[in-house]
Amino acid sequence: MQLLLPDVVPSLCFSYILLYVALLWLIYHVAKIILWLIRPELTVGIPPGNRGLPWVGETLHFMAAINSSKGFYDFVRIRRLRYGNCFKTNIFGETHVFVSSTESAKAILNTEMGKFTKRYIRSIAELVGDQSLLCASYHHHRLIRTRLLNLFTTASVSSFIRHFDQLVLKTLGCWEHRGTVVVLDEALKITFKAMCKMLMNLEEEHELEMLEKDVTLVCEAMLAFPLKLPCTRFHTGLQARKRIMGKLEKMISERRRGLETYHEDFLGHLLTEDCDEAPSVTDEQIKDNILTMIIAGEDTTASAITWMVKYLDENQEVLDTLRDEQLSLAEKASPKSLLTLEDLSDMPYSSKVVKESLRMASVVPWFPRLALQDCEIHGYKIKKGWNINIDVRSIHLDPTVYNEPNKFNPSRFDDESKPYSFLAFGTGARTCLGMNLARAMMLVFLHRLVTIYKWKVIDPDSSVEKWALFSRLKSGCPIHVTPITQDITP
Ligand code: HEM
């Protein structure tokens, strides 16, 4: 009898758990029917969707999607197919509504002030910090955004382009001997180095390596269950954040004590309070937002570059037209010269290639907001306190918005886009702060790649990486490169 007990106990526990789940499910659905019978006005006009089990909601389905090779967006895709342009669900104990029409995007992004505010899930907010642009309250957001916007001057963008071009040339210079490279890995290295130089003049290899490891841990924890137990993904991310904050604190204090010379970087400008009329920011705001800009700028841009290389490989006609434009530009430029802001504005077809890549990839697939009051979107009632997410990827791939949306066709942008149909960088008060930098990085990379190499993608797999906040190719896009000719290499 005693020998049998260890086998019986787990199976009994399992039966109780099953019974408990079934009971919860039953109570929830009976309550829904009763509510519908006695107060029908409360359920009329509510977006369709399955809120799952009480408290748990559809969190497990969401986590399963994050952990699959289709990526977390698949959770949204499946429900959009089932329920249409507006549906609701429950994740991490909160109601989430997803909307995917240009009209809803306009209604939300146009009237953000007062009705909606940006809101990320709790795990993200804890990892980037409550003073981050991504999470700050309306008043703080305006103040920090004004301060940071002042840093993106023509002079700083021009200097960034020169430095980024140098990095690309150095990196691509080594490819010839390697033959095969993984685009995502290379793009991540270059964008990370460029961002760190621009933000805080950090160039020392060992320090960059340590910081990059910690930033990766923070990013990997962003979609994790916010459980602070040792060894959990979330806890590891928080520890990495602590180290990054420590490093930034040390840098700030060294600069304040004059141990470091003044640098023309963002940190230097933010620490110099009375140099212009821009509002001053606290150390907490500086630290949280330096981390935010690294995260917002590195992964997104590197992912976009990777998708662009893949799309071009799959569309040789587009690549030929693009190469013609870039080669004629390379012929005009003096050898060994670096690209300038003016050069980049002389790339009309390439700019459309960049835009089309961003549309197809939708690196930031949805924008999260919080409803601050009861309202109506897309004919459905939205309640105060609900999370409302703009499903940008669906808009970018909507056949009523874009003709043949799955075709990579940069010339579609010869004509003006419909309002609120191209949202790769968002729009309104929360438009991407680094939009011009990101476009510049993609154009510089494109110019150097197509004028120096021909390439073939080795692994055509389109699966996306698990646990990634931004849409990233799982394979990283390995390519085989061959130099076009030696004499056009600057
Ligand atoms: C291809 C690359 C990039 C893409 C696709 C992208 C996309 C976006 C999108 C869609 C938003 C707005 C989301 C919303 O409304 O909820 C955003 C915000 C932001 N981005 Fe980017 N981004 C890119 C590169 C960069 C770079 C290089 C920086 C570096 C400075 C940056 C910094 C930011 C910041 C700070 C915000 C928050 C702005 C605010 O809330 O006021 N991004 N980005």
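Bear in mind these aren't lab numbers, they're just calculated from the coordinates by the rules spelled out. Since the structure is predicted, the reported quantities are computational estimates derived from the model, not experimental observations. Positions of Cβ are generated from backbone atoms using ideal geometry, with glycine treated the same way; all protein chains shown enter the neighbour counts.
Only helices enter the 222 nm calculation for the chain: every DSSP H run of n ≥ 4 contributes -39,500 (n - 2.57), and dividing by all residues gives -17500 deg cm²/dmol, rounded to 500. Given +1 at the Cβ of Lys and Arg, -1 at the Cβ of Asp and Glu and no other charges, the dipole of segment 342-490 around its Cα centre is 560 debye to the nearest 20. Ordering VAL157, VAL56, LEU322 by Cα displacement along the dipole of the chain toward the positive end leaves VAL56 in first place; charges were set at the Cβ atoms of Lys, Arg (+1) and Asp, Glu (-1).
With the simple model of a label 7 Å out from the Cα in the direction of the Cβ, GLU209 to GLU264 spans 3.1 nm. Taking a point 7 Å out from the Cα of TRP55 in the direction of its Cβ, the residues of segment 212-233 whose backbone N falls within less than 19 Å of it are 225-229. Nearest-5 percent of antiparallel DSSP beta bridges in the chain? Of the beta bridges lying entirely in the chain, close to 85 percent run antiparallel.
Amide H to amide H, with H built 1.01 Å from N, ARG369 comes under 5 Å of ARG119, ILE388, ASN389, ILE390, counting only residues 5 or more places away or on other chains. Please name whichever of VAL97, VAL215, ALA187 sits farthest to the positive end of the charge dipole of segment 90-231, dipole taken about the Cα centre and charges placed at Cβ: Lys and Arg +1, Asp and Glu -1. The residue sitting farthest along the positive end of the dipole is VAL97.
Remark: the chain carries a charge dipole of roughly 1700 debye about the Cα centre, counting +1 on each Lys and Arg Cβ and -1 on each Asp and Glu Cβ.
Classified by the C-alpha gyration tensor, the chain has a prolate form. Its axis ratio a/c, with a ≥ b ≥ c, is 1.5 or above, and a/b is larger than b/c.
Within the chain, helices built from complete DSSP H runs that reach 18 Å or longer along their own axis (Cα positions) and carry a mean Kyte-Doolittle hydropathy of 0.0 or higher are 5-38, 183-200, 435-452. For segment 283-437, the residue among SER417, ILE395, SER357 whose Cα projects farthest onto the positive side of the dipole built from Cβ charges is ILE395.
Once the chain from HIS378 to THR431 is taken as fully extended at 0.36 nm per residue, the excess over their C-alpha distance is 16.8 nm.
Centroid-to-centroid, using Cα positions, segment 329-348 and segment 145-212 are 19 Å apart.
By definition, a body whose alpha carbon gyration tensor gives a ≥ b ≥ c is oblate when a/c is 1.5 or more and a/b is not larger than b/c, and segment 160-308 fits this oblate description. ARG243 to PHE14: FRET efficiency via 1/(1 + (r/R0)^6), r the Cβ-Cβ distance, R0 41 Å, to the nearest 0.05? Calculated value: 0.50.
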